[in-house]
Amino acid sequence: MKISKEIVSGFKQWFARYIYQFIDGYPDLKENIGLKADHCKKVSEEMVGLAQYLQLNEQEVLLAETIGLFHDVGRFKQYVKFQTFSDDKSQNHAELAIEVFNENNLLKDLSEEEIDIIHQSILNHNKAEMKYDQNERVNFFSQMIRDADKLDIWRLITEYYMVKGQDAEKENKTLELELPDNDRISEEVYRSVMNRQVVLKESMQTLNDFKLLQIGWVFDLNFNYSVKRLYEKKYLYKIFDALPDNEKMNQINSVVDEYFRISLQDTSV
Ligand SMILES: [Fe+2]
């Protein structure tokens, strides 16, 4: 392993300069650029928290921190070019991250294995189902970033749903992936959650579907740490608060609640 504190502090300085270029070059888009930059830093912190909980060694903690910081580094090019965070309407932002690494020769001081772990775990972070690699370390860091990312998206969107609930003018269509905000829940989305399966992006048609996709991430957590943190932060309840109150939602609520209770009990064993 070649990673060191000095290298990671260089990454953080590079990241700050990189973001500044976008904010400076696209002042009209700075709100969402800022939200994503903040998300990258917070996912990086989640990664450190999780790595410490898992008692990883110092270099592994640094690698986790780096993956967190860079997992969404492709979002900025995506957003200024296409003005959307929907990969389907633009480009896969995980693949864009690899492009950014190459263009900037960013990982040059790391070992080949470290570079491979960073690339593969970032490519895995936004897949509906992760792709398992022969290298167990790739799988492990992929599982970590998938949890850390979910935890911070829950923070971001529950804050957003709350603000929007109080003031409709705070609506941010980009964060909603431009989905229509009506009362509908798609049948396929409803069935996935009721079957305790993650919701596929392709089946989303409304903002409620997107909220249910975010709720369904509970079925795809890899570490006890994440289940506990989800509980402490009450993210699930906050998303349910932003959904309509009807019979279908009550059914979903009880399925999710039961699943979550059992997961929580398992973490205390
Ligand atoms: Fe992402």
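Quick notes on this one:
- Sequentially through region 98-112, phi angles give Karplus couplings (6.51, -1.76, 1.60; θ = phi - 60°) of 5, 4, 5, 4, 5, 4, 9, 6, 6, 9, 4, 8, 9, 6, 4 Hz, Gly and Pro residues having no value and appearing as x.
- Pair Met1, Asn246: separation of 7 Å Cα→Cβ label points (nm): 5.1 nm
- The distance between label points at Asn104 and Asp24 comes to 1.4 nm (points 7 Å beyond Cα on the Cα→Cβ vector).
- Whole-Å distance, taken between Cα centres, linking region 99-175 and region 1-37: 15 Å
- Apportionment of accessible area to carbon and sulfur, the chain, percent (1.4 Å): 46 percent
- Per the Debye calculation on region 179-267 with a single equal scatterer at every Cα and no solvent contribution, log₁₀ I(q)/I(0) for q = 0.10, 0.14, 0.15 Å⁻¹ amounts to -0.23, -0.45, -0.52.
- Long-range tail of P(r) for the chain (Cα pairs > 25 Å, %): 46 percent
- Amide H partners (placed H, <5 Å) of Asn135, local residues excluded: none
- Extension reserve of the Trp14-Leu264 stretch, reckoned as 0.36 nm per residue once the Cα distance is removed: 86.1 nm
- Counting Lys and Arg as +1 and Asp and Glu as -1 over every other residue whose Cβ lies under 14 Å from the Cβ of Asn250, the net charge comes to -4.
- P(r) tail fraction, region 5-146 - alpha-carbon pairs more than 21 Å apart, %: 40 percent
- Overall dimensions of region 100-209 by Cα: Rg and Dmax, Å: 17.9, 51
- Radius 9 Å from Cβ of Lys36, net charge of other residues (Lys, Arg +1; Asp, Glu -1): -1
- Take the Cα of Glu113, step 7 Å toward its Cβ, do the same at Glu178, and the gap between the two points is 4.4 nm.
- Three-way shape call for region 1-45 based on the alpha-carbon gyration tensor, with the a/c threshold at 1.5: oblate
- In the context of the full set of protein chains, residues of region 142-247 present 47 Å² of accessible surface per residue (probe radius 1.4 Å, heavy atoms only).
The values are calculated or read from the model by the stated rules, or taken from the named source; none is laboratory data. What you see is a predicted model, and the numbers here were worked out from it, not measured in a lab. For neighbour counting, all protein chains shown are included, and Cβ atoms are generated from backbone atoms with ideal geometry for every residue, glycine included. All accessible areas refer to the heavy atoms of the entire protein, side chains included, with ligands and DNA or RNA removed. Shrake-Rupley method; radii C 1.70, N 1.55, O 1.52, S 1.80 Å.
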